[in-house]
Amino acid sequence: MGYRAYHKDTTRYLAYHPGVKTNVEYFATAAAAKAAITREHKRGAICASNFDVASVEDFAKIEKTTTVKNLMSGKDVVQSVNTPRACDPSSELYWSM
């Protein structure tokens, strides 16, 4: 079992938040995820009250999605808000790889 640190409103991973130094998306324990939130709060990068921790199984139920247009076909694609740019069909990076 793993844990995710995420923004309560947007469900973006802590690692994807601007100004955050950690690049960890998946934590082994809930305490490690909470510690990462605390570290970033003390650095002044985030407000800790806006972030929460959930197990990977629970997070999969609450993660938000977004609709983007496929760059090549123009069709709508529903994807997670945490989809990396390299895996996003609405970006040139996806099609140039």
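Residues that are in a helix (DSSP H, G or I) and surrounded by 11 or more Cβ atoms within 10 Å (Cβ to Cβ) within the stretch 58-97 comprise Asp58, Phe59, Ala60, Ile62, Cys87, Leu93, Tyr94, Trp95, listed in sequence order. Every condition in (1) loosely packed, with under 14 Cβ neighbours inside 10 Å; (2) touching a Lys or Arg at 6+ places or on another chain (Cβ under 8 Å); (3) not aliphatic (A, V, I, L, M) holds for Cys47 except the one numbered (2).
Kindly provide the set of residues from the stretch 68-97 that are farther than 17 Å from His17 by Cα, touching a residue at least 12 places away in the same chain (Cβ under 8 Å) and of a type in the set (Ser, Thr, Tyr), ordered by number. Once the filter is applied, which keeps residues that are farther than 17 Å from His17 by Cα, touching a residue at least 12 places away in the same chain (Cβ under 8 Å) and of a type in the set (Ser, Thr, Tyr), the stretch 68-97 yields Ser90, Ser91, Tyr94.
Cβ-Cβ contacts under 7 Å between residues 6 or more apart (or on different chains), taken from a first residue in the stretch 1-19 that is aliphatic (A, V, I, L, M) to a second residue that is assigned to a helix (DSSP H, G or I), are listed as Met1/Val56; Ala5/Leu14; Ala5/Ala33; Ala5/Ala36; Ala5/Ile37; Leu14/Ala36; Leu14/Ile37; Leu14/Glu40. Of all residues in the stretch 27-42, exactly one satisfies the criterion of being exposed (fewer than 14 other Cβ atoms within 10 Å of the Cβ), in contact (Cβ under 8 Å) with a residue 24 or more places away in the chain and not aliphatic (A, V, I, L, M), namely Thr29. Residues in the stretch 29-44 that are of a type in the set (Gly, Ala, Ser) and farther than 19 Å from Asn82 by Cα: Ala30, Ala31, Ala32, Ala35, Gly44.
All of the numbers you see were taken from the coordinates with simple rules; none came from a lab. Keep in mind that this is a model prediction, so the values were computed, not measured. Positions of Cβ are generated from backbone atoms using ideal geometry, with glycine treated the same way; all protein chains shown enter the neighbour counts.
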